[in-house]
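Chemist: Here it is, the structure in full.
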Amino acid sequence: YIAIHFTSNDHYTNVMIFIIASATIFQSFNVIDMYFQSKVMSKYVVYANITSLFISSLVKITLILTNAPLIAFAWVVLFDSFVLACGFLYFYIKHSKLSMKNLTFKSETANSLLKESWPLIFVGFIVMINMRADQVMIKNILHSNLIIGYYSAAFRISELWYFIPTLLGGSIYPAIINARNTDYNLYRHRIFLSIKWISVIVLPLAVGITFFSSYIIDVIYGEAYQKASLYLQYSIWTGVPFMIFFITNKLIYLENLIKITFYLSLASALSNVVLNYILIGRYGAIGALMATLFVSYISTFISLIIINHKIQLVSNKVFFYKGKTK
């Protein structure tokens with residue numbers, strides 16, 4: 001609410017931004033999602049998400065058929081978050097052994113978590129800036145809402161496959177964590193096996209969308225958005241490092257590499273902004289995609305090296321102490 005007063009947007013745009021931003025309030029209920037994942041009960045998270053998606057789709061179809069104003073769709077974003085939060089609460093109350101009445105707030109626990117997680121809070125802001133910097137800079141450098149429309153349309157399709165790691169995560173992470181507690185060699189093997197299989201799923205999908213981008217844009221948006229197909233051919237490849245990052249992101253918590261991640265994220269965001277400034281002026285919106293691809297692949301590669309180095313060090317220590325005991 002404070003930030004929108006420092007923008008050059010009109011009042012109507014700022015109202016929509018505020019409504020959509022208010023949806024983040026309900027993200028606090030994602031703690032229930034984490035609880036179910038820790039208990040390998042992710043099916044209830046899937047049920048809640050499917051229910052929210054079904055209701056949301058019905059509402060959006062109704063709004064489209066009735067020619068509802070644009071602001072109505074902003075309210076739908078807030079409504080989606082509310083329905084999903086209600087779904088999490090329902091399954092938590094029905095299937096959790098913990099009673100809502102027995103949940104209490106402990107200031108010492110809250111303070112401890114904040115002290116440990118402050119780098120992650122800043123990482124969250126940095127990642128958010130990193131993901132949207134290109135669109136903001138395209139608007140300010142090229143001064144074209146039409147290009148932004150094509151660009152955003154392509155990215156909306158590229159983001160559709162982000163559900164893949166979410167579905168796999170509930171099964172992958174318990175196995176990885178169990179291996180970490182028993183056998184570091186098995187732990188390392190399962191990490192890279194997970195990355196391998198996610199890549200096997202993602203790469204053919206990216207190739208297919210690249211070749212059929214024109215047809216996909218035509219089916220989803222119509223012929224008027226055909227220019228978005230070029231952006232889709234590039235943007236779909238940003239999903240490959242994202243999938244790998246989804247695995248490494250959780251390992252960062254396990255291996256206590258939060259501060260290193262903070263500096264890596266900060267460097268990535270700064271590099272992305274600088275490259276966007278240089279490349280958008282020369283190559284237009286394609287330059288923004290080139291910058292995003294370069295930074296995302298390099299940062300993912302560096303994070304893999306850091307995690308591999310940390311695991312290797314710990315593995316050697318475990319081996320040394322076992323040998324000493326023998």
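The values are calculated or read from the model by the stated rules, or taken from the named source; none is laboratory data. No experiment lies behind these values; they were computed from the predicted model shown. Quick reminder, even Gly has a Cβ in these numbers, built from the backbone with ideal geometry, and neighbours come from all protein chains shown. These accessible areas exclude ligands, DNA and RNA; they are computed on the full protein's heavy atoms, side chains included. Shrake-Rupley method; radii C 1.70, N 1.55, O 1.52, S 1.80 Å.
Chemist: Sorted by packing (mean other beta-carbon atoms within 10 Å per residue), highest first, where do 261-272, 59-70, 286-297 land?
Modeler: Working: 261-272: 18.2, 59-70: 11.8, 286-297: 20.7.
The peptides rank, most packed first, as 286-297, 261-272, 59-70.
Chemist: Between Ser112, Ser199, Ser81, which gets the highest mean-square fluctuation from a Gaussian network model of the chain, Cα cutoff 10 Å?
Modeler: Result: Ser112 has the largest fluctuation of those listed.
Chemist: With each pseudo-label sitting 7 Å past Cα toward Cβ, what's the Val46-Ile71 distance in nm, one decimal?
Modeler: Rounded to a tenth, the inter-label distance reads 4.0 nm.
Chemist: Ignoring ligands, DNA and RNA, what accessible area per residue does the chain give at 1.4 Å, in Å²?
Modeler: Values: 20130 Å² over 326 residues.
With all protein chains present, the chain gives 62 Å² per residue.
Chemist: While we're on this one: What does the helix-only formula give at 222 nm for the chain: each DSSP H stretch with n ≥ 4 adding -39500 (n - 2.57), the total divided by the residues, and the result rounded to the nearest 500 deg cm²/dmol? Walk me through the intermediate numbers first.
Modeler: Numbers: 13 runs with 267 residues, N = 326.
Calculated mean residue ellipticity at 222 nm is -28500 deg cm²/dmol.
Chemist: Using the Cα centre of region 57-214 as the reference point, and only Cβ charges (+1 on K/R, -1 on D/E), how large is the resulting charge dipole? Debye, rounded to the nearest 20.
Modeler: Values: 13 positive and 6 negative charges, 67 e Å.
So the dipole magnitude of region 57-214 works out to roughly 320 debye.
Chemist: Ignoring any ligand, DNA or RNA, what whole percent of the accessible area of the chain comes from carbon and sulfur when the probe is 1.4 angstrom? Walk me through the numbers before you get to the answer.
Modeler: Working: 13880 of 20130 Å².
Heavy-atom surface of the chain belonging to carbon and sulfur, 1.4 Å probe: 69 percent.
Chemist: Among Ala133, Gly208, Asn178, pick out the residue whose Cα is farthest towards the positive end of the charge dipole of region 124-242, where Lys and Arg carry +1 and Asp and Glu carry -1 on C-beta, about the Cα centre.
Modeler: Asn178
Chemist: Answer with a single label: of (1) 16.0; (2) 20.2; (3) 22.0, which was calculated as mean projected area of the Cα convex hull in nm² from the structure in view?
Modeler: (2)
Chemist: Follow-up. Please find, in a Gaussian network model of the chain (springs between Cα atoms separated by less than 10 Å), the residue of Ile307, Ile55, Ile280 whose mean-square fluctuation is greatest.
Modeler: Largest GNM mean-square fluctuation: Ile55.
Chemist: Something else: Could you check the spin-label model distance between Ser199 and Ile4? Points 7 Å from the Cα along Cα→Cβ, value in nm.
Modeler: 4.4
Chemist: Using a simple charge model, +1 on the beta-carbon of Lys and Arg, -1 on the beta-carbon of Asp and Glu, nothing else, what dipole does the chain show about its Cα centre, in debye to the nearest 20? Intermediate results must be reported in sequence, preceding the final value.
Modeler: Numbers: 24 positive and 11 negative charges, 288 e Å.
Charge dipole of the chain: 1380 debye, to the nearest 20.
Chemist: Extension gain Met128-Asn256, at 0.36 nm per residue separation less the Cα-Cα distance, in nm?
Modeler: On the way: separation 128, 0.36 × 128 = 46.08 nm, distance 2.19 nm.
My answer for the length gained is 43.9 nm.
Chemist: Going toward the positive end of the dipole of region 49-166, with +1 on Lys and Arg Cβ and -1 on Asp and Glu Cβ, which of His143, Ser158, Thr51 do you reach last?
Modeler: Thr51
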